[in-house]
Structures are given as C-alpha cells and as structure tokens.
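Below is one structure, written out as structure tokens; the observations come after it.
The values are calculated or read from the model by the stated rules, or taken from the named source; none is laboratory data. Just so it is clear, the structure is predicted and the values come from calculations on it, not from any experiment. Virtual Cβ from ideal backbone geometry, glycine too; neighbours counted across all protein chains shown. In case anyone asks, the SASA skips ligands and DNA or RNA and just uses the protein heavy atoms, side chains included. Shrake-Rupley method; radii C 1.70, N 1.55, O 1.52, S 1.80 Å.
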Amino acid sequence: MHLAVLMTNTDESAFSRRHPKDGEKFADLIHRVRPDWQLTVYPVKDGVFPEDLTGYDGVIITGSPASVNSGADWVARLLDLIRQTANDGLAMFGACFGHQAIAKALGGRVGANPCGLAHGLSHNTVTHRPGWAKDLPADLRLYASHKEHVTALPDGARVICASDTSPVTGFATGTRIYTTQHHPEMSREFIAALTEEMAPEMTPQNLAQARASLTEPADSDIFAETVARFFEQAPPP
C-alpha cells in the first residue's frame, strides 16, 4: 500500500523545528499497524503538490494552524485537488485541517468554534460506524487542537462522531472519504509539549482543563487500525 501525505502544517517556529514533522508523525501512526506500507510526503503548504496521484492507493491530508477559509493560493489549489481526487474515486483521509478542507472542498462549511480553542484530550460520542470503523469505542478519545470546525456537511456525508464542543468531529462519505477533527498522529509527549507552548494563548481554566485531560490515554492505536482498514477496503479506482 502506497499513500500520498499532503502536509499542510504551516508552523515553522522553533518549537516545530524541535519535533518531528507531520509527515513523520503520520508515517509512525500508520506503521504501528501496517509496518510495510509506504508513505510519500508532499509539503503542499509550500506549493509542492504531487504531479499525478496515479499509482497511489490513497491520500492523507494533515492538520495545520492555517485556516481553510484563508484564501491562500496553496489552500485554493488543495481544495481543487480534493475535488479532483473525489471525482476520480481515490480514497482520502483527513485530520483536523484535512477534515475541514475535505468538507469545504466538497460543498460543506467551516467556521469558528463558538467555544474557542479546543485543546487537549477530546471525548467524542460515536454515532455511526462504517465497516472499517466497527471497533471504535462509544467514547472515542483523541487529542485535539483547533479553533474552527465543520458547521455543515457536504451532500451525502454522514457524521461518525461528535464532541461537546463540535457537532461534527468525524464524517464519512460512502467508502472513499473518512475524516476526524482530531490528531490521532500526536503522541502524548507531543501534545503535552504543545500545551505548554500554547499556554500563553489559553485562559487559566482552559489550560488547567487541557493539562488534566492528558492524564487519560488516547485511543490512537485503535484509530490507526480504522485508518488502515479504510484504505484497505477502498482499492484504487
């Protein structure tokens, strides 16, 4: 299995340079459950896009502090590529920014989260389990860090899960699109470090809640298996 990873993370801070890039994080996530799969990373946020997705078995779109509503040239180009990829029938998985970009590109809407920054371990109620996601727990715990969320789904999409702060924290469309608002690729060590890095931007209450949430484990391994099964059940067109 060979996946194209469209890396959208625009953070080039000193903090970011001290930690693995998102392409490496997603490779680690997939290799936990499918160690022989190959992933090729394209930093689309720098304008580096695949010339052709022929030969790939699927696409992963990563998270980013950028907004899908920014109007940036690379974002517009990515939205066009998402539409083309969906038309071609190639499987796509999106996380956080990727989740929002897929929704927006295919006719949904993305807006500011009225609750502000959602950060830390998020509890999500699973309401629908496609075949590849049949083992998701009813209370799905994944790391979160986002200020925007999906406010309207594309036609034909179905909500997979929701949290107290967002009505759509994951959706699926048929057997070719699977998303999460969250960050299954983040380790506990990374989200803890990110929490301290972002502490000046957070209210004391939100910071305390974020720190306390990290005492619980995330369901990253279970979620990684669902991503692998998603691509396995959706062979290239």
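For the stretch 144-198, the set of residues classified as among the small types (Gly, Ala, Ser), out of contact with any Phe, Trp or Tyr (no Cβ under 7 Å at 6 or more places or on another chain) and open to solvent by less than 50 Å² (accessible area, probe 1.4 Å) consists of Ala144, Ser145, Ala152, Ala162, Ser163, Ser166, Gly170, Ser187, Ala192, Ala193, listed by residue number.
Scan the stretch 10-17 and give yes if some residue there is open to solvent by 20 Å² or more (accessible area, probe 1.4 Å) and closer than 19 Å to Phe223 by Cβ, otherwise no. Taking every residue of the stretch 10-17 in turn, none turns out to be open to solvent by 20 Å² or more (accessible area, probe 1.4 Å) and closer than 19 Å to Phe223 by Cβ. For the stretch 134-148, residues that are part of a strand (DSSP E or B) and over 15 Å from the mean Cα position of the chain (by Cα) total 1. Residues in the stretch 177-196: is at least one more than 24 Å from Gly58 (Cβ to Cβ) and in contact with a helix residue (DSSP H, G or I) (Cβ under 6 Å, 6 or more places away or on another chain)? Yes: the stretch 177-196 contains one or more residues that are more than 24 Å from Gly58 (Cβ to Cβ) and in contact with a helix residue (DSSP H, G or I) (Cβ under 6 Å, 6 or more places away or on another chain). Of the residues making up the stretch 188-219, those that are of a type outside the set (A, V, I, L, M, F, W, C) and free of Cβ contacts under 8 Å to residues at least 60 places away in the same chain are Arg188, Glu189, Glu196, Pro200, Thr203, Pro204, Gln205, Thr215.
The rows are residues; the columns are (1) under 22 Å from Leu3 (Cα atoms); (2) acidic (Asp, Glu); (3) in contact with a strand residue (DSSP E or B) (Cβ under 8 Å, 6 or more places away or on another chain).
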{"position": "Leu142", "(1), (2), (3)": "no, no, yes"}
{"position": "Ser187", "(1), (2), (3)": "yes, no, no"}
{"position": "Thr203", "(1), (2), (3)": "no, no, no"}
{"position": "Thr215", "(1), (2), (3)": "no, no, no"}
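Applying the selection to the stretch 18-29, what residues are charged (D, E, K, R) and buried (at least 21 other Cβ atoms within 10 Å of the Cβ)? Passing the criteria: Asp22, Lys25. Among the residues making up the stretch 199-211, those that are open to solvent by 60 Å² or more (accessible area, probe 1.4 Å) and part of a helix (DSSP H, G or I) are Pro200, Glu201, Pro204, Gln205, Gln209, Arg211. Picking from residues in the stretch 30-58 that are β-branched (Val, Ile, Thr), surrounded by fewer than 17 Cβ atoms within 10 Å (Cβ to Cβ) and outside any strand (DSSP E or B), the one that is modelled with the lowest pLDDT is Thr54.
Considering each residue of the stretch 1-10 in turn, at least one proves to be modelled with pLDDT of 95 or more and small (Gly, Ala, Ser). Could you identify the single residue in Leu140, Leu78 that is modelled with pLDDT of 95 or more, of a type outside the set (S, T, N, Q) and touching an Asp or Glu at 6+ places or on another chain (Cβ under 7 Å)? Result of the check over Leu140, Leu78: Leu140. Just a yes or no: is a residue in the stretch 170-186 part of a helix (DSSP H, G or I) and either at pLDDT 95 or above or within 27 Å of Ala14 (Cα to Cα) (or both)? Looking for residues that are part of a helix (DSSP H, G or I) and either at pLDDT 95 or above or within 27 Å of Ala14 (Cα to Cα) (or both), one finds none in the stretch 170-186, hence no. Suppose we filter the stretch 82-133 for residues that are at pLDDT 95 or above and outside any helix (DSSP H, G or I); how many remain? Residues meeting the conditions: 24. Listed by first and then second residue, the pairs linking a residue in the stretch 123-138 that is free of Cβ contacts under 8 Å to residues at least 24 places away in the same chain to a residue that is open to solvent by 10 Å² or more (accessible area, probe 1.4 Å), with Cβ atoms under 8 Å apart and 6 or more places separating them unless they lie on different chains, are Ala138/Thr125; Ala138/Val126.
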